[in-house]
1. Rounded to the nearest whole Å², what accessible area per residue is found for the chain with the 1.4 Å probe?
2. Say the dipole of the chain comes from +1 at the beta carbon of Lys and Arg and -1 at that of Asp and Glu; which of Ala23, Ile66, Tyr9 then lies farthest toward its positive end?
3. Could you tell me what percent of the accessible area of the chain is made up of carbon and sulfur, with a 1.4 Å probe and every protein chain present?
4. Per 0.36 nm of contour for each residue apart, how much would the distance between Leu49 and Arg10 grow if the chain were fully extended, relative to their Cα-Cα spacing?
Amino acid sequence: MEKKRDVTYRLRWVAVLPGAIPAGLLSNFPLHWFLYLFFSQIIEPYPELPERFLLPFVVATTFVYIGS
């Protein structure tokens, strides 16, 4: 019984990465849409600096949240 539990535990961790990596990468699109809609009405042309600062934080946060 202990061997089966160990295999299940390891397979669960193997399944976390294929789910968390695409979720982290797909979080770029809502961030870009939100910032574009917000800043394009205020500033012309669209500034890319806020997106460059927020992108690593959003990807890492989504990766950890989905992975947990």
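The values are calculated or read from the model by the stated rules, or taken from the named source; none is laboratory data. Given the structure is predicted, the values throughout are model-derived calculations rather than measurements. Neighbour counts are summed over all protein chains in view; Cβ atoms, including those assigned to glycine, are modelled from backbone coordinates with ideal geometry. What goes into the accessible areas is simple: the full protein's heavy atoms, side chains included, and nothing from ligands, DNA or RNA. Shrake-Rupley method; radii C 1.70, N 1.55, O 1.52, S 1.80 Å.
1. Details: 5890 Å² over 68 residues.
Dividing the accessible area of the chain by its residue count gives 87 Å².
2. Going by the Cα projections, it comes out as Tyr9.
3. 73
4. On the way: separation 39, 0.36 × 39 = 14.04 nm, distance 4.03 nm.
Once the chain is fully extended between Leu49 and Arg10, it gains 10.0 nm.
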